[in-house]
Amino acid sequence: MHMGMTRFACLLLLTLLLSLSYAAITPTSPLSLGQTLSSSNKVYELGFFNPNNNQDQYVGIWFKDIIPRVVVWVANREKPVTESTANLAISNNGSLQLSNGKHGVVWSSTGETLSSNGYSADLSDNGNFIVIDNVSGRTLWQSFEHLGDTMLPLSTLMYNLATGDKRVLTSWKSYTDPSRGDFVAQITPQVPSQAFTMKGSAPYWRSGPWAKTRFTGIPIMDETFSSPFSLQQDSNGSGSLFYLNRNFKLPHIMITSEGLLKVSHRNGTDWELYFVAPVDSCDYYGVCGPFGLCVMSVPPKCKCFKGFIPQYIEEWNRGNWTGGCVRRTALDCLGNSTSKGVNIFHTISNVKPPDFYEFSSSVDADECEQSCLHNCSCLAFAYIHRIGCLVWSQDLLDAIFYWRITSFHSPGTF
């Protein structure tokens with residue numbers, strides 16, 4: 001009889017533990033330390049974790065049953081909990097609240113709240129942690145709208161110039177500290193947009209402009225590239241980059257505490273790195289300065305565009321190229337003149353288009369060239385497949401020469 005009761009108690013305990021792994025969080029059923037919430041497909045898991053071997057605990061989402069653990073989202077990045085009685089609950093108005101025991105609430109969700117007869121928080125099969133009004137079925141809050149350092153398939157980066165809203169990736173401070181670090185990955189409101197990594201307020205790396213299915217400054221994204229991304233921009237000043245990759249196991253994009261933007265997926269028992277930037281000296285933003293071209297060679301080196309010379313020759317010869325280049329001879333701009341032999345463009349192939357481009361509505365490459373040639377403020381142009389005409393009226397900055405990418409036309413003189 002005693003053995004039968006013991007087996008029944010163990011079975012009951014196992015059943016309760018399993019139910020805690022799959023049940024949603026409700027106002028009457030908070031999540032406590034030691035408990036986890038799993039997606040129904042058993043890919044993702046949410047719970048408390050400790051990254052630095054002390055008493056600090058964070059609520060996060062990670063890939064289930066993957067060791068070492070890869071955390072893809074953290075709720076309380078800036079305020080860890082330390083009490084054994086800490087829990088994650090839903091309040092009466094539908095907001096998530098993380099309580100640190102007697103120290104009170106240290107983190108809460110921000111979003112739509114309303115009076116309802118019931119709420120629940122669940123972890124969806126795509127890794128999105130959502131709060132739902134059980135009566136209407138409406139989603140009141142979701143973690144995909146509050147990204148950390150990682151982007152999962154079906155999540156988005158975005159900007160909205162009218163509202164000032166922006167969704168970005170923000171690195172951890174260090175490998176063991178999930179608080180906000182120095183690096184931010186985002187898309188820009190330029191037309192067409194590009195991906196940028198910022199270190200503080202300074203540009204650190206950029207992808208080059210978007211060309212319908214690819215970023216023109218990433219060599220692996222050639223014309224045959226099967227893109228996992230979709231980027232949409234509208235005339236109202238908003239844009240979104242969607243990550244759609246469902247062809248690999250556990251795909252994700254992460255900005256590391258060192259500023260590396262990594263695209264990875266699971267291959268068997270290992271992680272396979274599909275893309276990482278920056279990795280080469282030329283990848284770092286503006287390393288050759290204005291009107292300098294970084295040549296992707298061994299070792300990498302800078303040279304001036306044709307018609308330009310180093311601004312500070314001694315520094316340039318010492319390998320300090322940040323001062324860039326200046327024009328050897330001033331342009332003789334005649335604006336609307338149609339005469340030949342005044343100014344010409346030098347074609348440079350296999351180049352990552354420089355920053356500070358502007359989209360022009362020219363219908364073809366010839367019209368693009370002529371519109372730039374007859375505009376005294378236009379310094380260079382490029383006609384890129386699936387973009388059209390881009391022109392430059394500011395210093396040419398962060399141009400990189402690759403073996404194969406696109407054609408770019410820089411200014412020159414006879």
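One table, with the values for the structure above:
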| item | result |
| --- | --- |
| Number of the condition not met by S339 [criteria: (1) at pLDDT 90 or above; (2) open to solvent by 60 Å² or more (accessible area, probe 1.4 Å); (3) of a type in the set (S, T, Y)] | (1) |
| Output for the range 59-77, where each listed residue is open to solvent by 10 Å² or more (accessible area, probe 1.4 Å) and in contact with a Lys or Arg (Cβ under 9 Å, 6 or more places away or on another chain) | K64, D65, I66, R77 |
| Of all residues in the range 223-261 being among the hydrophobic types (A, V, I, L, M, F, W, C) and under 12 Å from the mean Cα position of the chain (by Cα), the one that is nearest to T213 (Cα to Cα) | F229 |
| Failed condition for M221, given (1) in a strand (DSSP E or B); (2) open to solvent by 10 Å² or more (accessible area, probe 1.4 Å); (3) not basic (K, R) | (1) |
| Members of the range 54-69 that are in contact (Cβ under 8 Å) with a residue 12 or more places away in the chain and either touching a helix residue (DSSP H, G or I) at 6+ places or on another chain (Cβ under 6 Å) or in a loop (DSSP other than H, G, I, E, B) (or both) | Q55, D56, K64, D65, I66, R69 |
| Checking S207 against (1) farther than 25 Å from S349 by Cβ; (2) open to solvent by less than 10 Å² (accessible area, probe 1.4 Å), the condition it does not meet | (1) |
| Any hit, the range 175-191, residues being surrounded by fewer than 21 Cβ atoms within 10 Å (Cβ to Cβ), within 28 Å of H385 (Cα to Cα), among the aromatic types (F, W, Y) and out of contact with any strand residue (DSSP E or B) (no Cβ under 8 Å at 6 or more places or on another chain) | no |
| Flag for L373 being at pLDDT 80 or above and open to solvent by 40 Å² or more (accessible area, probe 1.4 Å) | yes |
| Residue list for the range 241-253, restricted to those being open to solvent by less than 40 Å² (accessible area, probe 1.4 Å) and either of a type in the set (S, T, Y) or within 15 Å of Q186 (Cα to Cα) (or both) | L241, Y243, I253 |
| Residue within the range 230-242 that is within 27 Å of L161 (Cα to Cα), among the aliphatic types (A, V, I, L, M) and touching an Asp or Glu at 6+ places or on another chain (Cβ under 8 Å) present | no |
| Selection within the range 24-47 - crowded, with 21+ Cβ neighbours inside 10 Å and either outside any strand (DSSP E or B) or of a type outside the set (D, E) (or both) | I25, L31, L37, Y44, L46, G47 |
| Check on V326, over 20 Å from the mean Cα position of the chain (by Cα), in a strand (DSSP E or B) and surrounded by fewer than 19 Cβ atoms within 10 Å (Cβ to Cβ) | yes |
| Which listed residue, of G164, G208, is farther than 21 Å from H265 by Cα, out of contact with any strand residue (DSSP E or B) (no Cβ under 8 Å at 6 or more places or on another chain) and in a loop (DSSP other than H, G, I, E, B) | G164 |
| Options K199, K262, K249: the member that is touching an Asp or Glu at 6+ places or on another chain (Cβ under 6 Å), farther than 30 Å from R328 by Cα and of a type in the set (D, E, K, R) | K199 |
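Per-residue answers, yes or no, for (1) within 23 Å of A211 (Cα to Cα); (2) in contact (Cβ under 8 Å) with a residue 12 or more places away in the chain; (3) part of a loop (DSSP other than H, G, I, E, B); (4) open to solvent by less than 60 Å² (accessible area, probe 1.4 Å):
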{"residue": "S264", "(1), (2), (3), (4)": "yes, yes, no, yes"}
{"residue": "L273", "(1), (2), (3), (4)": "no, no, no, no"}
{"residue": "G286", "(1), (2), (3), (4)": "yes, yes, yes, yes"}
{"residue": "P290", "(1), (2), (3), (4)": "no, yes, yes, yes"}
{"residue": "C294", "(1), (2), (3), (4)": "yes, yes, no, yes"}
{"residue": "C302", "(1), (2), (3), (4)": "no, yes, no, yes"}
{"residue": "W316", "(1), (2), (3), (4)": "no, yes, no, yes"}
{"residue": "D332", "(1), (2), (3), (4)": "no, yes, yes, no"}
{"residue": "D366", "(1), (2), (3), (4)": "yes, no, no, no"}
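The values are calculated or read from the model by the stated rules, or taken from the named source; none is laboratory data. None of the values given here were measured: they were computed from a predicted structure. When we count neighbours, we look across all protein chains shown, and the Cβ atoms used for this are built from the backbone with ideal geometry, even at glycine. Calculation scope for accessible area: heavy atoms of the full protein, side chains included, ligands and nucleic acids excluded. Shrake-Rupley method; radii C 1.70, N 1.55, O 1.52, S 1.80 Å.
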